[in-house]
């Protein structure tokens, strides 16, 4: 199989950034970094409060965020946990964020991130701009006809996220996620349908009734994540956390089912059925 790496700079009506894509010989996406702060398929404030209520009786809860890319999801969640829960946020921190890309994790560990205008508007709205400092030593980058401004993450927010290199497939086999949160958002479709089903099986084996599995809207419509999870003993949690606001991604992926889904496509949050 021939694999090609390249940076993707196609203009789109979107403020998300695809910085790197790995393709197979047929043009299918095997891996990509497509991210920004406040991905709008989730209401992050409501999600933070949901986590607080769900794990009220536990002293500490690990949040395992796989496919973290540059850390945007992890930072968004950490900011919302701190804003919504105050001192109680510490029971969920640091968020354990991981990605298979060594270069992405290296940059994240260095506290570097590129932010665009909508990211900065969101931070201003949240009163969270102080977590990011503009790095004027680095040039502004243009991606998808959008200006991205280099920033450094302050120590306070860096300490709220622990970055590492991990393969989600291996982690799901080895990691006990009882009473924990497992986020793998918008990454299922970069695995074959067989691997997606195996991932769901492994998650079930290592879960209990308090385990929470979270996918993304792209997973919902472009992968087998929802069906795989429900086929393997999980049930969806209906809530106002899922906003359905995020648009679909213009990508061709290897794990996109050809047949219509068997289960309802309305859940991003899942727990064991029994």
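The values are calculated or read from the model by the stated rules, or taken from the named source; none is laboratory data. Note that the structure is predicted; figures quoted are calculated from it, not measured. Positions of Cβ are backbone-derived with ideal geometry, glycine not excepted, and every protein chain shown enters the neighbour counts.
What the table below lists for this structure:
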{"item": "Matching entry among 171, 207 (being part of a helix (DSSP H, G or I) and surrounded by 17 or more Cβ atoms within 10 Å (Cβ to Cβ))", "result": "171"}
{"item": "Region 113-147 - residue that is touching a helix residue (DSSP H, G or I) at 6+ places or on another chain (Cβ under 9 Å), closer than 28 Å to residue 164 by Cβ and assigned to a strand (DSSP E or B) and, of those, modelled with the highest pLDDT", "result": "132"}
{"item": "Subset tally (residues that are assigned to a helix (DSSP H, G or I) and under 13 Å from the mean Cα position of the chain (by Cα)) for region 57-112", "result": "7"}
{"item": "Condition met for residue 101 (within 18 Å of residue 35 (Cα to Cα) and either surrounded by 14 or more Cβ atoms within 10 Å (Cβ to Cβ) or at pLDDT below 95 (or both))", "result": "yes"}
{"item": "Residues satisfying the stated conditions in region 263-274, i.e. more than 14 Å from residue 220 (Cβ to Cβ) and either assigned to a strand (DSSP E or B) or at pLDDT 90 or above (or both)", "result": "271, 272, 273"}
{"item": "Some residue of region 174-187 being crowded, with 18+ Cβ neighbours inside 10 Å and free of Cβ contacts under 8 Å to residues at least 60 places away in the same chain", "result": "no"}
{"item": "Region 226-262, residues that are in contact with a strand residue (DSSP E or B) (Cβ under 8 Å, 6 or more places away or on another chain), surrounded by 18 or more Cβ atoms within 10 Å (Cβ to Cβ) and either at pLDDT 90 or above or not in a loop (DSSP other than H, G, I, E, B) (or both)", "result": "226, 229, 230, 234, 236, 241, 242, 253"}
